Amino acid sequence: MRLSLDDERRLTRLKGLPDGQGVLSVYLHIEPGLALHHGHVPQLMDVLRDLRESAPEGDRPRIEEESERVLRFVREEYRPSGIGLAVFASRPRRLWETLNLQARIPSVARFRPRPYLAPLTAVEDDYPRIAVVLSNSEKARFFSVVMNSIEAEHKLADPVPRKQRQGGWSAFKYQHDREMHIQAHLVHVVESLKEQARQYPFQRLVLGGPDDTTAALVRLLPKSLQGRLAGTFRAEMFATDDEVASAASAVAAEAERAEEERLARQVVDTAFAGGQAALGWPETMQTLAEGRVQTLVIAASRYGSDEADRAVTLAWDSGAGVEVAHEGAEEILAPHGGVGAVLRY
């Protein structure tokens, strides 16, 4: 699962923190069913030790102080409720934030002037929120969908004159008036969608309804929303919530898989042409260590391995994006160890 809406708001606040006195950021992978003292506390001690030993000497006293706070919390207060834990601690900045995560993140610790948020940003990217609009010429239903489940829904209806069967000049004026009302309704739908984007920030947009309605809405979308459009689907206004969520999730997943496949082909084709791309573990790890990677691409079957965890951590540290490849994209990468990268230079 992705972050909860409350956690997303806390993440937004963390992103807004300016540089300042150092923040200890710790991510801990939680193995379900494993007692804390058997695996998680020793794992935490290992990443904190690695951080302390590699840090500049001037930072070590602060790292020791914040590490003690995090260790005390995990030993005495923490009760696992997911498969990951994130902690951000800075006593001078009066900062203490903990987030329970439902997504796998490699265990890592960093001490920097701002919170180390790349792993959480990756979780947002991997589990996108989908905005869904099901509309016809006078009504609309809006949904916020996460992992095929609806987290929020609202509706609107606008007064639109019914179709008239009679002909003549009056009928022409009546039809013109109806078309103006329909246009106003569609503009209202787009304005409501903008408001939804503020309340439930989404990464992908899916439109449903009759073909003429979805086509008209696509034309009215501002550029900021057109860039998030994953596609459209046909549906009647009386479709059930589950039917809408299922259809929209399928459209979004198809768009995601298509993007992954394009990226995997780009990596392979560019690498074979001698361009700015890396293929296979040795070359990819080397370019990661050199800070040359723009986007790391890892096959889903390799994600979570020790080797992949090292690659992902290097990518985050250098500001590179991470894309997990599924299905067709994974098949493209399979002959090359399931890994590759688009390079900056």
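The values are calculated or read from the model by the stated rules, or taken from the named source; none is laboratory data. Please read these numbers as outputs of a predicted model, since none were measured by experiment. Here the Cβ is made from the backbone with ideal geometry for all residues, glycine too, and neighbour counts use every protein chain on show.
Quick notes
- Residues located in segment 127-144, provided they are at pLDDT below 90 and not charged (D, E, K, R): Tyr127, Pro128
- Verdict on Leu99 being outside the structural domain of Ala215 (by TED's automatic domain parsing), more than 22 Å from Ala320 (Cα to Cα) and either touching a Lys or Arg at 6+ places or on another chain (Cβ under 8 Å) or surrounded by fewer than 17 Cβ atoms within 10 Å (Cβ to Cβ) (or both): yes
- Residue list for segment 49-81, restricted to those being surrounded by 14 or more Cβ atoms within 10 Å (Cβ to Cβ) and either in contact with a Gly (Cβ under 9 Å, 6 or more places away or on another chain) or not in a helix (DSSP H, G or I) (or both): Ala55, Asp59, Arg62, Ile63, Glu66, Tyr78, Pro80
- Residues of segment 310-333 that turn out to be in a loop (DSSP other than H, G, I, E, B) and surrounded by 23 or more Cβ atoms within 10 Å (Cβ to Cβ), as a count: 1
- In segment 47-63, the residues that are in the same structural domain as Arg110 (by TED's automatic domain parsing) form Cβ pairs under 8 Å with partners that are β-branched (Val, Ile, Thr), at six or more places apart or across chains, as follows: Val47/Val26; Val47/Val108; Leu48/Val26; Leu48/Ile63; Leu48/Val70; Leu51/Ile63; Arg52/Ile63; Ala55/Ile63.
- Taken together, Leu220, Leu207, Leu225 contain a single residue that is free of Cβ contacts under 8 Å to residues at least 40 places away in the same chain, surrounded by 15 or more Cβ atoms within 10 Å (Cβ to Cβ) and within 25 Å of the chain's Cα centre (by Cα), which is Leu225.
- Single residue of segment 18-48 satisfying the filter (among the polar types (S, T, N, Q) and surrounded by 12 or more Cβ atoms within 10 Å (Cβ to Cβ)) that is modelled with the lowest pLDDT: Gln43
- Test: residue in segment 71-82 that is modelled with pLDDT of 95 or more and under 30 Å from Ala299 (Cβ atoms): no
- Test for Glu243: is it surrounded by fewer than 17 Cβ atoms within 10 Å (Cβ to Cβ), within 20 Å of the chain's Cα centre (by Cα) and not basic (Lys, Arg): no
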